[in-house]
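To start, the structure under review is shown below, and the notes come after it.
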Amino acid sequence: MDTRRKTEGQVPSPEGASGTDSSAETTLEELLTMVDQLSARIPHVRCRVGGGPLAPLAAALNRLATANEEHRAMSSDPFGVETLVAQSPIMMLTCDASEHVRFMNYNVPGHTPTGTWKRSIYDFVVPDQIEMVRGHIRRVLATGEPSGYEIRSILPFGPQWFAVKLGPIRSGEQIVGVTLSLIDISDLKKIQLRLEQSNRELESFASVASHDLQEPLRKIQTFSERLRTTYAEALGAEGRDYLERMNNAATRMRRLIDDLLSFSRVSSRAQPFARVDLAEIAREVLGDLEETIAQAGATVTLGELPRLEADPTQMRQLLQNLLSNALKFHRDDVAPSVNVRATVDPETLRCELLVEDNGIGFDEKYHDRIFNVFQRLHGRGKYDGTGIGLAICRRIVERHGGSIRARSTLGQGATFIATLPLKQVNSP
């Protein structure tokens, strides 16, 4: 039998083009010809599948040829993934484990596609942000967890800010690289910078207004006290009552100004997020409220509280406001009982911080209203306050990427529930 190989491009026998022909054994010559044609990417070739021990290999080569043709068809499809990637407004890159570019769907001015390939990813990063970007990329390579950050453009024209989303590239169980998707956020960044400037101006105004308003209030209180101590007898009972009312009004005004400043500074004077032990903060808050708790004859129970990434000062303010609120709105004939605890969802990595009390409660139709500034459900005569404490709580929780709600039955207590992430999205 002549076992010489056929010339390249010669198609196998017609009877084998459509599948199985068991009249003769599949030969090594036919298999080698098929391999040559596959290597040359000749389209629509098939090997005759006959009998004998080589027949399964012929069938396998035919399946490979079919798969290659389907892949080529998808790649050349004008409605396929290549068109989508090429025309996407999102810049997409991949880099390998050595942090070199392996693909980029945009042509970077001044760099040819071949010149971009295998360049260090950090050649396309503003120098003062390289270490930040390196930290995110290496974290994805090490852990396989997606990450993200904001970055300035290295180019002097076009989009100036991008939001970058990173994801792992896997080969089996091994992480072999990272994908980077860059979304133009230049317009959003401009708005953010304008808002930050506006907030700084508002904070400056609030500080000035606070000083200018508090100074005359201090004088009112000072002179009313002098009148009371020096001319008490001359004023008589009615005059002293007027002075007392005036002094109380000035005190409420000072407290209102202080609370408004606290509300405005939740964002403007926020501290960076750090690892916070809520249990430790709760114990410190209870120490601060020790006298209030004793005067009310209250019992406060601390349950399990987690660690999370947060602003420590604001977590303290959140707990202090919620606990003070629970102690304030107690029933006259029932000793206050407050329970502070938390639950953690391991799937969403979020915790629910609950502050439960047995106080006067409220009608749940007002559950949204109580978190608004200056909203009060009870008269000032019995329950002191400015109506800003819960608004501050909501602002703190929202700054941390969470939410707050309340449930209650009138006359049977209330539960405030703050849902907070254990880990902040943009934290290192």
Seminar exercise, completed: Counting only residues that are within 26 Å of the chain's Cα centre (by Cα) and part of a loop (DSSP other than H, G, I, E, B), the stretch 410-424 contains a total of 3
Exercise. Does residue 71 fit the bill of being assigned to a helix (DSSP H, G or I), open to solvent by 90 Å² or more (accessible area, probe 1.4 Å), modelled with pLDDT under 90 and not basic (Lys, Arg)?
Worked result: yes
Exercise. Are any of the residues in the stretch 96-117 under 23 Å from residue 425 (Cβ atoms), out of contact with any helix residue (DSSP H, G or I) (no Cβ under 9 Å at 6 or more places or on another chain) and open to solvent by 30 Å² or more (accessible area, probe 1.4 Å)?
Worked result: no
Problem set entry | Cβ pairs under 6 Å, 6+ apart, first in the stretch 30-56 and of a type in the set (D, E, K, R), second open to solvent by 40 Å² or more (accessible area, probe 1.4 Å) | 36/8; 46/17
Exercise. For the stretch 1-52, how many residues meet the condition of being acidic (Asp, Glu), in a loop (DSSP other than H, G, I, E, B) and modelled with pLDDT of 50 or more?
Worked result: 0
For this session: Within the stretch 401-423, work out how many residues are among the polar types (S, T, N, Q), out of contact with any helix residue (DSSP H, G or I) (no Cβ under 8 Å at 6 or more places or on another chain) and surrounded by 15 or more Cβ atoms within 10 Å (Cβ to Cβ).
Result: 1
Exercise. Would you pick out the residues in the stretch 262-287 that are within 19 Å of residue 388 (Cβ to Cβ) and either of a type in the set (Gly, Ala, Ser) or at pLDDT 70 or above (or both)?
Worked result: 262, 264, 267, 268, 270, 285
Exercise. If we scan the stretch 324-335, do we find a residue that is of a type outside the set (Gly, Ala, Ser), assigned to a helix (DSSP H, G or I) and open to solvent by 40 Å² or more (accessible area, probe 1.4 Å)?
Worked result: yes
Exercise. Failed condition for residue 217, given (1) out of contact with any Lys or Arg (no Cβ under 8 Å at 6 or more places or on another chain); (2) at pLDDT 75 or above; (3) in a helix (DSSP H, G or I), with all others met?
Worked result: (1)
For this session: Restrict the check to the stretch 219-226 and report whether at least one residue is touching a residue at least 60 places away in the same chain (Cβ under 8 Å) and open to solvent by less than 90 Å² (accessible area, probe 1.4 Å).
Result: no
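Tally time: how many residues in the stretch 156-192 are in a strand (DSSP E or B) and open to solvent by 30 Å² or more (accessible area, probe 1.4 Å)?
13
The values are calculated or read from the model by the stated rules, or taken from the named source; none is laboratory data. Because the structure is predicted, anything quoted here is derived from the model rather than measured. All Cβ positions, even for glycine, are placed from backbone atoms using ideal geometry, and neighbour counts span all protein chains on display. When the accessible area is computed, the model is the full protein with side chains, heavy atoms only, and any ligands, DNA or RNA have been set aside. Shrake-Rupley method; radii C 1.70, N 1.55, O 1.52, S 1.80 Å.
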